[in-house]
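Below: the structure, in structure tokens.
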Amino acid sequence: MIGDVLLLNDMITLDDIKSNPAIVDDLDWPFDFSLERADDDTDWIHLKPNHSFTIVAGDGTGGVFIAYGQGAPESLPILYATSEGQAGKVASNLSEWLALLMAIPYWRDLLKFSGNGDLEEMRKTVPFMESEYATDFDDVPAARERIMNELPVPAVADPVQILHTNVHSTDCTVVADDGCAYETLFNSFKSADNPNWR
């Protein structure tokens, strides 16, 4: 369970995922967590503070998911770095990330419409995104069911809170070539700023 300590042998490993091509495909689409997009070119990644790291996946926007620290990649916190200069911790480990991904596949929108990291603003966005995903991403429920049937994805009582806490507790970021640290994943928009959500 998320919130309790996950034993190492309870964790979902990258090998668990890679051993099932159908699950790899489902995570790639519609969840946009692509193990095949894990870039071998890591020269551009400079973490602050300096940590060992592994790129575990990428997405369709050019973003990457980075497991950082010492140990097996699936046991390490996951940093998400966009192609536009934002970065932040999104999960404590791979199992937690998969749990969040299954619960709130629209997590990027929650961060975008967070009013600079306000939990209640993120919660306001949820019903709008649930509605949009039901209409525009009708392949999510079936893909989620297949993944949940094949992998021991832990239960999450409050995924929005977990995501919010993780990003606020970011303890590592990416530094650009010019020496500037990447900005936070939280954006300043609020749900009321979207005219389609009024």
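The values are calculated or read from the model by the stated rules, or taken from the named source; none is laboratory data. Worth saying up front: this structure is predicted, and the values here are computed from it rather than measured. When we count neighbours, we look across all protein chains shown, and the Cβ atoms used for this are built from the backbone with ideal geometry, even at glycine. Each accessible area value is taken on the protein alone, full model and side chains, heavy atoms only, with ligands, DNA and RNA left out. Shrake-Rupley method; radii C 1.70, N 1.55, O 1.52, S 1.80 Å.
A compact table of results
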item	result
For ASN196, net neighbour charge (Lys/Arg +1, Asp/Glu -1) across residues whose Cβ lies under 15 Å away	-1
Summed residue charge, Cβ within 12 Å of THR125's Cβ, Lys/Arg positive, Asp/Glu negative	-2
Spacing of the two label points (7 Å from each Cα toward its C-beta) at ALA176 and TRP197, in nm	2.6
Candidates MET102, MET122, MET148: whichever shows maximal mean-square fluctuation once the chain is modelled as a Gaussian network with Cα springs under 10 Å	MET148
Max mean-square fluctuation residue, GNM over the chain, Cα-Cα springs under 10 Å, options GLY88, GLY179, GLY60	GLY179
Segment ASP10-ALA155, length gained on full extension (0.36 nm per residue, minus Cα span)	50.9 nm
The chain: most fluctuating residue of ASN93, ASN187, ASN20 per GNM, C-alpha cutoff 10 Å	ASN20
Cα→Cβ-extended label distance, 7 Å offset, between HIS46 and ALA22, nm	4.6
Exposure of TYR106 as accessible area (Å², to 10), given a probe of 1.4 Å and all protein chains	10
Heavy atoms of ASP138: accessible area, 1.4 Å probe, square angstrom to 10	120
Inter-label distance for GLU120 and ALA142, nm, one decimal - labels placed 7 Å from Cα along Cα-to-Cβ	4.1
GLU145 accessible area, 1.4 Å probe, all protein chains in place, Å² to nearest 10	120
Environment charge at VAL153 (Cβ cut-off 10 Å; Lys +1, Arg +1, Asp -1, Glu -1)	-1
Coordinate range along principal axes, alpha carbons of the chain, Å, largest first	45, 44, 31
